[in-house]
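The values are calculated or read from the model by the stated rules, or taken from the named source; none is laboratory data. Quantities reported herein were computed from a predicted structural model and do not represent experimental measurements. As a convention, Cβ positions derive from the backbone with ideal geometry for all residues, glycine included, and neighbour counts pool all protein chains shown. Just the protein is used for accessible areas: all its heavy atoms, side chains included, with ligands, DNA and RNA removed. Shrake-Rupley method; radii C 1.70, N 1.55, O 1.52, S 1.80 Å.
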Amino acid sequence: MSELAVRTDLTDGRPVEVVTESIDLHYALRTVWTSGRIPIGPPAELLGVARGQ
């Protein structure tokens, strides 16, 4: 869950943020689209964010 999704709840004190160390919460994002087509629009934007571009 992203910080953006829970920011108001955290500000209002509803769940409590727990800071952790040494926990790898990264995961692989897999995408599928038709061969020969390049994603455009929102799908391309999502891929750019996921790739850190």
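For region 23-46, the tally of residues that are within 17 Å of Ser2 (Cβ to Cβ) and surrounded by 10 or more Cβ atoms within 10 Å (Cβ to Cβ) stands at 3.
For region 4-22, which residues satisfy the criterion of being among the β-branched types (Val, Ile, Thr) and open to solvent by 100 Å² or more (accessible area, probe 1.4 Å)?
Thr11, Val16, Val18, Val19
When the residues of region 12-53 are filtered to those that are hydrophobic (A, V, I, L, M, F, W, C) and not in a loop (DSSP other than H, G, I, E, B), the one that is farthest from the chain's Cα centre (by Cα) is Ala44.
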